[in-house]
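The values are calculated or read from the model by the stated rules, or taken from the named source; none is laboratory data. Note that this is a predicted model, so its numbers are computed, not measured. No Cβ is skipped: glycine too gets one built from the backbone with ideal geometry, and neighbour counts run over all protein chains shown.
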Amino acid sequence: MRGRKPHATEAKRLAGNPGRRPLNDAEPSPPAPASTFDEPPPELDNQPDASAEWRRLAPMLRQVRIVTMADRGALIALCLEWGRYLEATREIRKLGLIVKTPKTGYPIPNPYLPIATKALAGCNKLWPELGLTPSSRSRVSAAADGPPPEGDAFAEFDDTPTLTALQ
C-alpha cells in the first residue's frame, strides 16, 4: 500500500478535519468496551508482566475511546510482547551480555538478547496501532483538548483570508 496508513473515521473526528474531506459515516463503529474490559483476559493468566501492562493500558485506552472490543487481540499481543521483553531484559541483567557455554565455557552473546530485540520490535509495531506513541496520538490529543484559549496569539490564522481588489 502506498502512502500513509488510513485512520479510522472516529480518530479523524477526534483529530479534526482540517482538509474538510468527507468522512465515511458508513464505517462501522464498534461500541466502547464496558469497564470490565480493564481486567486482564484469561489469555494473560500466569503472565504477571503482561497482566500488569493490561491493567495499566486498558483503562487509559478505554477512557479515551481509542480501543474497542475489536482491538482486544492487538492489545493482548502488545501485553504479551511487553511481558516477554521485560522477562528477557531481567535475564540479561542477571546473566550479563556475554555468557559462557555450559560444556566448553566459550563466551557467547546472551541467548536472551534476540528474544528481547524481537519482543521490542513487536511492541514497536503495535504501539502506533493503538495510539501509544507521541506521533500516533499528537493530532488526536491536541484536538481533544478543546478550543484554543482566549487571546491565542495565532487566532488570526484561524479565519479564511479575504481578498480585496487593489485600486
Working only within the stretch 119-145, note down all residues that are assigned to a helix (DSSP H, G or I), modelled with pLDDT under 80 and either within 24 Å of ALA50 (Cα to Cα) or not β-branched (Val, Ile, Thr) (or both). PRO134, SER135, SER136, ARG137, SER138, ARG139, SER141, ALA142, ALA143, ALA144
Identify, by number, the condition in (1) surrounded by 17 or more Cβ atoms within 10 Å (Cβ to Cβ); (2) within 20 Å of the chain's Cα centre (by Cα); (3) more than 15 Å from LEU130 (Cα to Cα) that ALA88 doesn't meet. (2)
How many of the residues making up the stretch 56-81 are at negative phi and in a loop (DSSP other than H, G, I, E, B)? 4
